[in-house]
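The values are calculated or read from the model by the stated rules, or taken from the named source; none is laboratory data. Quick caveat: nothing in here was measured; it's all calculated off a predicted structure. Positions of Cβ are generated from backbone atoms using ideal geometry, with glycine treated the same way; all protein chains shown enter the neighbour counts. Surface areas here come from the heavy atoms of the whole protein model, side chains and all, with no ligands, DNA or RNA. Shrake-Rupley method; radii C 1.70, N 1.55, O 1.52, S 1.80 Å.
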Amino acid sequence: MNQKRIRRIVIAGGGTAGWMVAACISKIMGKILDIKLIESDEIGTVGVGEATIPTLVAFHRLLDINEQEFMAATQATFKLGIGFDNWRDRGLNYIHSFGITGTDHWTAGFQHFWLKGRERNLASDYGDYCLELVASLANRFAHLPRDGMNYAFHLDAGLYAKFLRRFSEGYGVKRIEGKIVEVKTNAESGYIESLRLDSGNDIEGDLFIDCTGFRGLLIGQALKIGYDDWSHWLFNDSALALQTESVGEPVPYTRSIAHESGWQWRIPLQSRVGNGIVYSSRYIDDEQAKQTLLGNIQGKILTEPRVIRFKPCQRQQVWSKNCIAMGLASGFLEPIESTSIHLISRAVSRLMQSFPSEGIQQSDIDEYNERSNWEIQHIRDFIILHYHVTQRQDSPYWRACREMKIPASLQHRIDLFRETGRVFRVPNELFAENSWVQVMLGQGLMPEQHHQVADLMGDAELANFLGTIKARIAKTVAQLPSHQAYVEQYCKAPDMNAAMAK
Ligand SMILES: Cc1cc2nc3c(=O)[nH]c(=O)nc-3n(C[C@H](O)[C@H](O)[C@H](O)COP(=O)(O)OP(=O)(O)OC[C@H]3O[C@@H](n4cnc5c(N)ncnc54)[C@H](O)[C@@H]3O)c2cc1C
């Protein structure tokens, strides 16, 4: 392979992906690498991507990012989960929250005891046994000792890129403003040698990270790496996004509201709310989608609705020769479970673990690609679950979701849960048992059986077991401050309007 030492890193693109990658590489190896990031203000970024999952907390800890500073700089609020309204059927809602529900026995997950309790009229809603879920509904939040509360953030994507830019420049990253007009490759090896800018400058490098968004300028257009299209499982291919003024206190969870041919997000920040609708152009046109969105927002509109087109897909190889694609250039899954920013953090962490300092080896490339494929495929299955397991029959869109043939890997999980109540997490898979159970129950999939170990408990013992968990959670939540009060004392952002008025 290419035995050239890797010293010059060129990151193409300065959206969330570009700057997360720059932050991570510069923090860890900035002292020995020359890192450049090229971005074009004229082209801009996709401008969405504001709901995250708890892995971002871990990513920031790896980089020693001060959470209070980050949250104040990005208008961030806390997030404890996602509320799914009308997904199971119209009028039926549930929350997929972070954290764990109840207490497992080593032989059987908590759901088996809950199922037994339900059969004997001793159990209440499944969600009552999850701290993060109960706190979401009560609109309360606080950091708890020993990471007792699992959380993530809602953040302003544009401000996050700016925050990470300041961070990365502090560790030596050089930002270059300009439009990439040509990718120059070596005639023999096919490796990328330099990127030509509209100014005529050539930016040379040893390793190139393609963060150019859906364009995939390096990996797709120059290296001709195609993608696997998942549109037959995930029908949505369009989104409309807009921002509104806040009309009340921010809730600590993302809202995902299903409509006839798609769904809508609502992401509350300190200063405003991010809104959008994700839909399938096969079933609804842009105007209908816009009217649906406009009919379901609260507060004054701050920005015009913008259409974004996408394809649910995965790059066949995210690492090819001396180019690695991250962010939207590497593939895309719609944001119902807020997984894209997570995948960026995973991609750059994986690169740091197999950094090809002394030259690029095919074995590193193969391992990296295999892990990336595997990771996104599990997330893909989890997302398809939300569409396929539904009782909705009110539109051609939902009927098609119910009737489609799903991946065998997902079908097996659904069958196993339906027939036995069991869920097993594949090692290193993002979504743990708690997530699968919450979403399967939330979508209306009720197991036909439970583990017999739950039958060994008498009524009194089972009632005490369930009641103690529920009471402990209710007591903890009652002692928490409101989410708004906590944000204000922990990470209040400067008042943007007042700052602009000065
Ligand atoms: C509708 C929608 C909603 C989403 N919601 C979420 C969410 O809630 N949570 C989540 O985790 N993710 C979400 N995502 C995904 C998230 O937006 C992206 O993962 C994230 O913003 C990273 O984007 P990016 O940096 O790869 O691309 P972009 O933001 O598009 O950045 C591309 C960069 O490349 C530069 N560039 C492109 N071409 C050139 C060129 N020729 N020369 C120079 N520079 C160039 C651009 O200027 C820009 O700086 C959402 C995506 C969509 C479409």
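Each residue of the range 83-94 was assigned a 3J(HN,Hα) from its phi angle through the Karplus curve 6.51 cos²θ - 1.76 cosθ + 1.60 (θ = phi - 60°); the sequence is x, 9, 9, 6, 7, 5, 6, 4, x, 10, 10, 8 Hz, with glycine and proline shown as x.
For VAL426, VAL318, the ranking by accessible surface with the largest value first comes to VAL426, VAL318, using a 1.4 Å probe. Residues whose amide H falls under 5 Å from that of TYR227, counting only those 5 or more places apart or on a different chain, are GLN316, with hydrogens built in the peptide plane.
Accessible surface of the range 238-309, 1.4 Å probe: 46 percent of it comes from carbon and sulfur atoms.
Pairs over the 19 Å Cα-Cα cut-off, from the set LYS36/LYS162; LYS36/LYS224; LYS27/LYS162: LYS36/LYS224.
What number, in percent, do you get for the relative contact order of the range 238-309 if the mean sequence gap of Cα pairs under 8 Å and at least 6 apart is divided by its residue count? Don't skip to the end; give the middle numbers.
On the way: 134 pairs, mean separation 33.1, N = 72.
It comes to 46 percent, rounded to a whole number.
Projected label points at ILE32 and ALA474, each 7 Å from Cα along the beta carbon direction, are separated by 5.8 nanometres.
When the Cα convex hull of the range 238-309 is projected onto planes of every orientation, the mean area is 4.4 nm².
Residues in the chain average 43 Å² of solvent-accessible surface per residue, probe 1.4 Å, ligands and nucleic acids excluded. Projecting label points 7 angstrom from Cα along Cα→Cβ for ASP125 and GLU182 puts them 6.2 nm apart.
When only DSSP loop residues count, what chymotrypsin sites (Phe, Trp or Tyr not before Pro) in the range 42-111 have their Cβ near at most 11 other Cβ atoms within 10 Å?
Details: sites: PHE59, PHE70, PHE78, PHE84, TRP87, TYR94, PHE98, TRP106, PHE110; in loops: PHE98, TRP106.
Filter output for the range 42-111: TRP106.
Considering only alpha-carbon pairs that sit under 8 angstrom and 6 or more positions apart, the relative contact order computed for the chain is 24 percent. What figure, in Å² to the nearest 10, do you get for the accessible area of CYS313 with a 1.4 Å probe and non-protein molecules left out? Its accessible surface works out to 20 Å², give or take rounding. Subtracting the Cα-Cα distance of ARG418 and HIS105 from their residue separation scaled by 0.36 nm leaves 110.7 nm.
For ASP394 and ARG425 in one chain, what is 0.36 nm times their gap in residues minus the Cα-Cα distance, to one decimal in nm?
Working: separation 31, 0.36 × 31 = 11.16 nm, distance 3.29 nm.
Stretched fully, the ASP394-ARG425 segment lengthens by 7.9 nm.
The phi torsions of the range 459-466, fed into the Karplus equation with coefficients 6.51, -1.76 and 1.60 and a -60° offset, translate into couplings of 4, 5, 5, 5, 4, 5, 4, 5 Hz, rounded to whole numbers, with Gly and Pro shown as x.
Close amide-amide hydrogen proximity is noted between ILE35 and ILE9, LYS174, each under 5 Å apart and 5 or more residues distant or on a separate chain (H modeled in the peptide plane; Pro and chain starts excluded). A protection proxy built from the mean count of other Cβ atoms within 10 Å ranks the segments 400-408, 331-339, most packed first, as 331-339, 400-408. Note on LYS405: lysines with a C-alpha under 21 Å away, same-chain residues under 8 apart excluded, are LYS311. Shown is the FRET efficiency for GLU304 and LEU456, computed with R0 = 60 Å from the Cβ-Cβ distance and rounded to the nearest 0.05: 0.45.
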